[in-house]
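Written below as structure tokens is the structure these notes are about.
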Amino acid sequence: VASDTDVRFIYGDRQPLIYVPFAQRPARGVTIVARSAGGAERAVPARREAIRRADPDLSVDVIGTGRAVLTGPFELLRSAGMGTLYLGAFTLLLSMVGLFGVQSHAVSYRTREIGVRMSVGASARQIKVMVIKDGYRPVVEGLMLGLCGGLAGRVLARAYMDVEVAVVDPVMLLVTPVPLLLAAFCACYWPAARAANVGPTVALRWE
């Protein structure tokens, strides 16, 4: 009894299948899958030579290792995944630049307010925390909306598609926000540091 597996196609629905003796149902082409104790690359020529010694008239097409065989079917998925990765990285970079610009403009617009706060006793650390918190607010709101949308999409995929996915993915919930939060911190820190270095007298005279 064999466990569930993908026999003919990597994609698509799995079909019922039964194994029968070769003498009962012979086939023109036979695929041999072998496990090697040593290196798989060195085992391929040895398998070809063993088949040639058994019957020189057999036409043998040795493709190679299992990893090499699966490279072709998975190439499209790998290309799509790499394209999505590059697109995500570019989008993250654009988000950092946009957030940096917004925070820089906000700091320039609130220079007088920052000067008033510093003149009545606010420390540079408090100014930094205030600016970073203002920059983090839209990021956290967007993360919450995005994670909720991701959970809703997984629920729909599980309900209406033949896809076995868990509704709650710990990787999506824990790992995905980390680069976004780090990018938001990098984009907000420099405007916050510049705001903290503004002297009260200069800020009060700002026009």
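Points worth noting:
- Residue, modelled with the highest pLDDT, within region 35-90, restricted to residues that are closer than 30 Å to residue 183 by Cα and hydroxyl-bearing (Ser, Thr, Tyr): 86
- Across region 35-53, the qualifying residues are those that are under 10 Å from residue 65 (Cα atoms) and hydrophobic (A, V, I, L, M, F, W, C), and the one among them that is surrounded by the fewest Cβ atoms within 10 Å (Cβ to Cβ) is 40.
- Residue 107 meets each of the listed conditions (1) open to solvent by less than 40 Å² (accessible area, probe 1.4 Å); (2) of a type in the set (A, V, I, L, M, F, W, C); (3) at pLDDT 80 or above apart from (3).
- Residue 144 vs. criteria at pLDDT 75 or above, closer than 30 Å to residue 41 by Cα, open to solvent by 70 Å² or more (accessible area, probe 1.4 Å) and not charged (D, E, K, R): no
- Annotation note: Cβ proximity below 6 Å between a residue of region 31-48 that is of a type in the set (Val, Ile, Thr) and a residue that is open to solvent by less than 50 Å² (accessible area, probe 1.4 Å) and modelled with pLDDT under 75 (sequence gap 6+ or interchain) occurs for 44/62; 44/64.
- Subset of region 114-128 that is without any contact (Cβ under 8 Å) to a residue 24 or more places away in the chain and surrounded by fewer than 18 Cβ atoms within 10 Å (Cβ to Cβ) - its residue that is nearest to residue 91 (Cα to Cα): 126
The values are calculated or read from the model by the stated rules, or taken from the named source; none is laboratory data. Quantities reported herein were computed from a predicted structural model and do not represent experimental measurements. Don't worry about glycine lacking a Cβ; one is built from the backbone with ideal geometry, like all the others, and counts go over all protein chains shown. Accessible surface is based on the protein model in full, side chains and every heavy atom, while ligands, DNA and RNA are left aside. Shrake-Rupley method; radii C 1.70, N 1.55, O 1.52, S 1.80 Å.
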